[in-house]
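A short reminder: the numbers here are calculations on the coordinates, not readings from a lab. All figures in this text were calculated on a predicted structure; none of them were measured in a lab. Positions of Cβ are generated from backbone atoms using ideal geometry, with glycine treated the same way; all protein chains shown enter the neighbour counts.
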Amino acid sequence: MFPLSDDKKVNWYVLFARTGAEERLVEQLKYEFSEDSYLPFIPKKIAAYRRKGIKSNFQQICFPGYVFLESDKLAEDVINDFKNRPVQQLKDMLKCNKVKKNECI
């Protein structure tokens, strides 16, 4: 799944989605942008809970309201692609090249 290509520079984008609509946004992005240059995903973790004495596991979204997008395209190209194809569940977008706070614009 990661990265898209070993020989190209990969850019990361954080998409702000409506809370609870992250899965719909990922499906819509996969449908709208079926090309291989975009890889949307939602980080999830397995959480445990107990109800009526029965222990169960479920998948929980790590960052509710956010969808991560990996792309080898530049920010300007990504923004133009999103402007040309309106995405319903999308609120805003942030570009991050690295995980450090000061690297995000």
Requested in this report: Could you compute the FRET efficiency for ARG50 and THR19, with r as their C-beta to C-beta distance and R0 at 35 Å, rounded to 0.05?
Outcome: 0.90
Requested in this report: Could you compute the FRET efficiency for PHE58 and SER34, with r as their C-beta to C-beta distance and R0 at 22 Å, rounded to 0.05?
Outcome: 0.15
Query raised in the report: Measuring from label point to label point, each 7 Å out along Cα→Cβ, what is the PHE41 to LEU74 span in nm?
Result: 2.6 nm
